[in-house]
1. Only residues that are in contact (Cβ under 8 Å) with a residue 24 or more places away in the chain, in a helix (DSSP H, G or I) and either within 12 Å of chain A (Cβ to nearest Cβ) or more than 15 Å from the chain's Cα centre (by Cα) (or both): list them for the range B:200-226, please.
2. Only one of (1) surrounded by fewer than 21 Cβ atoms within 10 Å (Cβ to Cβ); (2) within 14 Å of chain A (Cβ to nearest Cβ) fails for B:Phe229. Which number is that?
3. Of a type in the set (S, T, N, Q) and in contact with a helix residue (DSSP H, G or I) (Cβ under 6 Å, 6 or more places away or on another chain): is that true of B:Ser267 in this structure?
4. I'm checking my understanding of the structure. Among residues of the range B:232-253 that are assigned to a helix (DSSP H, G or I) and either in contact with a Ser or Thr (Cβ under 8 Å, 6 or more places away or on another chain) or facing chain A (nearest Cβ under 7 Å) (or both), which one is modelled with the lowest pLDDT?
5. Confirm whether A:Asp126 is among the charged types (D, E, K, R) and touching a Phe, Trp or Tyr at 6+ places or on another chain (Cβ under 9 Å).
6. Can you tell me how many residues within the range B:175-199 are more than 17 Å from B:Asp140 (Cα to Cα) and either under 12 Å from the mean Cα position of the chain (by Cα) or among the acidic types (Asp, Glu) (or both)?
7. State yes or no: is B:Ala108 in contact with a Ser or Thr (Cβ under 7 Å, 6 or more places away or on another chain) and under 23 Å from B:Thr272 (Cβ atoms)?
8. Output yes when any residue across the range A:180-195 is on the phi > 0 side of the Ramachandran plot, touching a residue at least 24 places away in the same chain (Cβ under 8 Å), surrounded by fewer than 17 Cβ atoms within 10 Å (Cβ to Cβ) and not β-branched (Val, Ile, Thr), and no when none is.
Amino acid sequence: MPGLLFPLGLAALTAVILPLVIHLMRRDEARPVMFAALRWLQAKPKPRQRIQFSEWPLLLMRLVLLILLALFLARPVLNSVVDRTPYVAVMPGLDPKTIGSDNVRLHWLAPDFPSTDSPAPKAPADFTSLIRHLDADLPKGVKLTIVVPETPQGADAERPILSREVDWRVMPGAMPAPQPVAARPLALSMRAATDQPGARYFRAAAAAWEGNATTGTLTDPLPPKDTVLVWLNSGPLPDAVTGWIKTGGTIIVSKDVQTPKSNAQTVLWRDDVGGPLIDSASLGKGRWLRFTRPLIPAEMPELLEPDFPDQLKALLTTPPAPSRVAARDYAPLTGRPAFAQAAIDLQPWLAVLVALVFGLERWLATSSRRRAAP
Amino acid sequence: MFDPIPPDVRHRLKGLRLSARRASGASGIGLHASRSRGAGLEFAQYRAYEPGDELRQIDWKLYGRSDKFFVRESERESPLAVWIIVDASASMGQSDAVRAAYSRLDAARAMAACIGELALRQGDRFGLISLSDTGIRVADPATGLRQRDRLRLELYGLKAAGEFPAANTLAPVWERIRAQDLVIVLSDGFDEACIALMERLSSAGREVLFIQTLTAEERDFPFDGGYRFEDPESRAELLGDGKALRTDFLRKFAAARQALEARLTASGIRHTHYWLDEAVDAPLARLFGGGA
């Protein structure tokens, strides 16, 4: 279905007047011819005046050229023919035969949406994203049915908002839940200068986590990457430590440590009145967290609060997002604007055509068969 | 080498002979019917008598002086001088659009070369006069291969330019062309001065033949559309639509040609025409073919 992205470009069609005028004017310009028997020529008062164009093929070629150029400016596209058959996406694991309605497209809700004629693929890790993908892919007006078990696995934190009404069909059954991951206790490795306070609070926090906390001097070798480094010092970080962070380490530094500059510096923890306590930024593959106050209870009473270890742990670890949901409560909402379907751009082909016609026009205009070239 | 005669025409020339109606042969032995008898008049040499010579050819006065028989020999003289007059005015440069490289003058060159070839073959003397107001060139009549080469050289240098010369500058023509000479004029016949010259030559006892060289466009007038017709000599111009002008022109042109033919016939000038899309020998065949 052809269409124009910039119909105003058709205004260039007014330029077709130009060749018409040129070919009309050229007609008036008489070709000179040597004619010795002039005295027997009787001058007519006026040659028969009627609208007559000279060089028909050339004129036609020029008109075609201008029309093509105007079309080119109007940016023509060819919309692909849309398949309006209702679409049914079935979560892998369900039996597609039970859906059993005729004249629909049955596909697995899995990456690349294979047809249900093929064996069921692996269950998707994030089916909500696939639903959004499907909604964006399908042209406007195509009916979409999604068949899910009662308890699907791999949901987002947000209910999907789609551009169309979805027939959300819930079948009995549940998808297998992932194996729980045994969380290893956080280990701390402290490097403290002698004049820096605060190491005891970290030791206490590690004890509260039932984790390991080692203490060393500033020059000790650095711990493995899964251990959080606590750097209590002043002045800039040594290059070795910066390199360690960049390769994936996490470091907690005290107030006086100069951290590398970062544009994406965020405050992770605020006190009750909103003053920042810890700010953080990523560096390479790792990140740093910096206390904004000295680690003494007078300045930072949160150190003595009973939830300090939990707060610190929450900053250092990210719990897995919930991905299991009751399908009944997860029916997609509508409200997102429909995506425009990609169309085939005809401009390059038109450009080739224009070049061809231009070549033909030049050939017609300059070929030697013509005596007087307008 | 410059040879204006196309090969096929050269082949057909074999069947042609230049013939003059008025040629009396009074001036020598030759191809043409003669009233006078005997050898030529122009003295060449004496030679010793050999058995077989006619007795009346012996110079008796010399015998009286030397007591020996001598035969007086005269140069063999052609009885006919053929003058080729080529009009080299600018109008002769006109050609047809379909064959732009072949002008009237080119046709005149080819015809002049053909006439020269014919004259050379039958031993007649031939000369060339080209007429233009930029200069009248004369090649005196003679015969032989050398004269043929001279003719070709003259033809090669011809250029169509200027107008037909005025009557008072035509003295060389009158000085050179003797009575009884055969004069063949190659022109488009559009100049009144040219016609007048032919009439005067004819009435003065020269045998004048005229080949009117015309383009096919003048015969057919195939113009369609707007044209600016330009006379190469007077530089007059006329703007017109080819189709609108056609009927009128063809009628007037045919009438003018008829009037000219009548005038020429009245003056005793044999004449024919040559269209630029014809073979070059066609007018010669019309003029001389009947007698051959």
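1. Residues satisfying the conditions are B:Ser203, B:Ala216, B:Glu217, B:Glu218, B:Arg219.
2. Of everything listed in (1) surrounded by fewer than 21 Cβ atoms within 10 Å (Cβ to Cβ); (2) within 14 Å of chain A (Cβ to nearest Cβ), B:Phe229 misses just condition (1).
3. Details: of a type in the set (S, T, N, Q): yes; in contact with a helix residue (DSSP H, G or I) (Cβ under 6 Å, 6 or more places away or on another chain): yes.
Yes: the conditions hold for B:Ser267.
4. Of all residues in the range B:232-253, those assigned to a helix (DSSP H, G or I) come to B:242-253.
Within this subset, residues satisfying the condition of being either in contact with a Ser or Thr (Cβ under 8 Å, 6 or more places away or on another chain) or facing chain A (nearest Cβ under 7 Å) (or both) are B:244-245, B:248-249, B:252-253.
Working: B:Ala244: 83, B:Leu245: 86, B:Asp248: 89, B:Phe249: 92, B:Lys252: 92, B:Phe253: 94.
Ranking the candidates gives B:Ala244 first.
5. Details: among the charged types (D, E, K, R): yes; touching a Phe, Trp or Tyr at 6+ places or on another chain (Cβ under 9 Å): no.
No: the conditions fail for A:Asp126.
6. We begin by selecting, within the range B:175-199, every residue more than 17 Å from B:Asp140 (Cα to Cα); these are B:186-199.
Filter once more, so that each one left must be either under 12 Å from the mean Cα position of the chain (by Cα) or among the acidic types (Asp, Glu) (or both): B:186-188, B:191-192, B:198-199.
Of the residues in that region, 7 qualify.
7. Working: in contact with a Ser or Thr (Cβ under 7 Å, 6 or more places away or on another chain): yes; under 23 Å from B:Thr272 (Cβ atoms): yes.
For B:Ala108, the condition - in contact with a Ser or Thr (Cβ under 7 Å, 6 or more places away or on another chain) and under 23 Å from B:Thr272 (Cβ atoms) - is met.
8. Within the range A:180-195, the subset on the phi > 0 side of the Ramachandran plot is none.
No, the conditions are met nowhere in the range A:180-195.
The values are calculated or read from the model by the stated rules, or taken from the named source; none is laboratory data. Here the structure is a predicted model, which means the values were calculated and not measured. A quick note on method: Cβ atoms are made from the backbone with ideal geometry, for glycine too, and the neighbour counts reach across all protein chains shown.
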